[in-house]
Every structure is written in structure tokens, then in C-alpha cells.
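Colleague: Below is the structure I would like to discuss, written out as C-alpha cells.
Just so you know, all these numbers are worked out from the coordinates, no wet-lab data involved. If you're wondering where the values come from, they're calculated on a predicted model, not measured in any experiment. Methodologically, a virtual Cβ is constructed for each residue, glycine included, from the backbone with ideal geometry; neighbour enumeration extends over all protein chains shown.
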Amino acid sequence: MLGVIWKFDDLKMRFLGVFLVLILCFSCQIKEKPIVYSQNTKEVAIKDDLDLKENLTQIEPDLFVIDKRLSEKFMSGENLDFFQSEADSSKLFFVPYTDGSITTAILTKDNLPDYYKELLSSEKLNISDSKLKPISISKIISKKGILINSSKNDVLSIFGTPDKTNKENNLDILEWNFVMKEFKADGHTSNNLQPFILDSLNLEFTVNIFFKDDSIQTLIYEYEVP
């Protein structure tokens, strides 16, 4: 009888040992797999991103050149939230970056998609808020000559064929993707409220323009930051 009990206990110990070994092996696999997978995924994502950028056209990005005095006024924190054109009442919003450069420029007649309204709200700017204080400027026109009410042909002559086209309600939406090339020495990248550009970084420049009846309603420039 004692022999049977001993054999039974021995069997339980062996079973327990095998069970613990299986748990240990399973735990090791759980710990190792995510590390290998995440590393591979990261490397693939970086490679795909670089391959994509290699296929993008490199151009000097379009931007809005604001007089130094007015840009300093905007950056002063005096609750002056955007620029407004005296010529056509269009509004120019900037989303600033930490160094005084910008990540986004939005020229609009107020017909902003919800995402960009939320983006501006996250920067404590609500374009429907009557309390916002504009900085008056005689005319808002981009460095490449684009302004509110410019036609599709005007824009196509500058950026070429769009990478994407879409239709939303009564708006035609055109999108372009580029890599930013540094400007020639013309002084346009020395002021605040302009994108950070460095050839070696291959930073992207994305253009989204909303047209209604062949006329720009909203223009959105997004500049990648390092």
C-alpha cells in the first residue's frame, strides 16, 4: 500500500515539474515575441516611410511671408489669434511649433473641416468665437501667389497634378504630397511663422485645398517637423 502511495506522489511531482516547465517556456515566448515583432515592425515602417519619401517630388514649399513686426505681434501672446485680410476678409491661422516655426497654415473663409476646427481648438483657437482678435493685414497671398478665390488652374500650374482628389458635399478637395527643399538665399526662411526646412531631413509638405465652383474656399499647408 505504501508503495502505491509513493508511486502516486512521484507521479504528481513529475506532472507538476512538467507543468512548471511548460509555464516557464510559455512565459518566455510571451516576453520575447512582442520585442522581436515590434522591432521588425518599426524597421519595416521606417523603410516604407523612406521609400515613400524617395518617390515624392522635392520642392520649395509654399508659405505665407508675414512682416516681421506683425509676426512678432502674433507671437507676443497679446491674444491676437489670427491674421485677417482687408482685401477679402479671409483668415490666416497658424499652428506654431516650439521654436517659433509652424506645423500648419490655414487660409480660409471659415469653411473648415471638423478635424482642423478641433486642431485649432486644441491650440485654444475657436474660429467661431467672436472673441478672437485678428491682426489686420492688407492682403493675404502666399509666396507662390495663391490666395482665397484662386482657381484650380492657378493652383495646378504651381503644384501640378494632385496625388488625390475627392468630393465632399459641394466641395472638390485636392491633395498633394511633397518633400521640402530648402529655399535659395532669399531671406524668406529667417522669420517666425514659417516651416522648419533642412534638405537632409526630407521633411514632408502636404497641401489640401478645398474648391467650390472652381474657387478656393480653404487652403491647408502642413509641414512635417523633425
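Colleague: Of LYS117/LYS144; LYS91/LYS167; LYS68/LYS117; LYS133/LYS184; LYS181/LYS212; LYS73/LYS167, which ones are farther than 32 Å apart at the Cα?
Modeller: LYS133/LYS184; LYS73/LYS167
Colleague: Considering Cα pairs under 8 angstrom that are at least six residues apart, work out the relative contact order of region 58-223 and quote it in whole percent.
Modeller: Contact order relative to length: 30 percent.
Colleague: Now for a different question. What order do you get for TYR223, TYR115 when you list them from fewest to most C-beta neighbours inside 10 Å?
Modeller: TYR115, TYR223
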